[in-house]
Amino acid sequence: MSPALSKIKDIFVVGCTVALRYSDLINLERSNLVNENYQLYLKVQSKKTQTYTRIKLPEYVVQIFKKYKHKKKLLPYYNLVRLNLYLKQLAEKAGWIEEKIKTRQKRGIAMIVFKDKSKKIHYRFCDHMSSHTMRRTAITTMLRLQMPEHLVRKISGHAPGSKEFHKYVAISQNYLDIETDKVFEKLNAMYSKAV
């Protein structure tokens, strides 16, 4: 992996953990770190919503920040366009290349959007990667691991009743339904054996 992609991987891992918007994530400085009772926290005020967030950091994030300890910022800086380009390359290197059909609504009808319209080539998963993927991944992961919604909203800086936040809840509910179905299948199998 090139040095640039290695740095992008670090940004991606931190972003997928702390659920901050890219504008807040990339501007983190040493002053955003707070040490309390031998635990390191990230204290941030969102640029967009002015919401304060305090996030306890896992050891792997602390180790990433230590890599850049001689810099003013906690993470290397990339402008959004370059970051999104590198994220796509990183995902491709990771093997996330399965076809993922992209659609857009046109007058209420879902229309397929092709990466190459003339050859009818679909987008791949890696082609969909962007800075928002990190935030979406962090929020969805927290919800999927059953962190209460109000706490996830506090970490992510979403307001109560946020329409954007409820998209994540729907994704999480879909996962919960799938896992619940698996449990019900096991229960049915146990019941069938008993009868």
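The values are calculated or read from the model by the stated rules, or taken from the named source; none is laboratory data. Owing to the predicted nature of the structure, the values given are computational and were not obtained by experimental measurement. Neighbour counts run over all protein chains shown; Cβ positions are idealised from the backbone, glycine included.
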Condition set aliphatic (A, V, I, L, M) and out of contact with any helix residue (DSSP H, G or I) (no Cβ under 9 Å at 6 or more places or on another chain), scope segment 78-117, selection farthest from V13 (Cα to Cα): answer is I109
Condition set crowded, with 17+ Cβ neighbours inside 10 Å and in contact with a helix residue (DSSP H, G or I) (Cβ under 7 Å, 6 or more places away or on another chain), scope segment 62-77, selection farthest from L33 (Cα to Cα): answer is P76
Filtering segment 60-93 for residues that are free of Cβ contacts under 8 Å to residues at least 12 places away in the same chain and either touching a Phe, Trp or Tyr at 6+ places or on another chain (Cβ under 6 Å) or under 16 Å from M134 (Cα atoms) (or both) leaves a count of 4
1 or more residues modelled with pLDDT under 75: qualifying helices (runs of 4 or more DSSP H) within segment 100-195: 163-194
Which ones in segment 48-59 are surrounded by 12 or more Cβ atoms within 10 Å (Cβ to Cβ), modelled with pLDDT under 90 and not in a strand (DSSP E or B)? T49, T51
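For (1) touching a residue at least 12 places away in the same chain (Cβ under 8 Å); (2) charged (D, E, K, R), each residue gets a yes or a no:
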position: L5; (1), (2): yes, no
position: F12; (1), (2): yes, no
position: T17; (1), (2): yes, no
position: L25; (1), (2): yes, no
position: N32; (1), (2): yes, no
position: N35; (1), (2): no, no
position: Q39; (1), (2): yes, no
position: L42; (1), (2): yes, no
position: K47; (1), (2): yes, yes
Extreme residue, farthest from Q50 (Cα to Cα), among residues of segment 129-167 that are among the β-branched types (V, I, T) and within 12 Å of the chain's Cα centre (by Cα): T141
Within segment 4-35, can you find the residues that are of a type outside the set (D, E, K, R), in a helix (DSSP H, G or I) and either more than 17 Å from the chain's Cα centre (by Cα) or more than 14 Å from S131 (Cβ to Cβ) (or both)? A4, L5, S6, T17, S31, N32
Looking only at segment 81-99, how many residues end up being surrounded by 14 or more Cβ atoms within 10 Å (Cβ to Cβ) and either at pLDDT below 90 or not hydrophobic (A, V, I, L, M, F, W, C) (or both)? 6
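Take the conditions in contact with a Lys or Arg (Cβ under 8 Å, 6 or more places away or on another chain) and either more than 21 Å from L151 (Cα to Cα) or of a type in the set (F, W, Y) (or both) and apply them to L87. Does it pass? Don't jump to the end; show me each part of the working.
On the way: in contact with a Lys or Arg (Cβ under 8 Å, 6 or more places away or on another chain): no; either more than 21 Å from L151 (Cα to Cα) or of a type in the set (F, W, Y) (or both): yes.
Answer is no for this residue.
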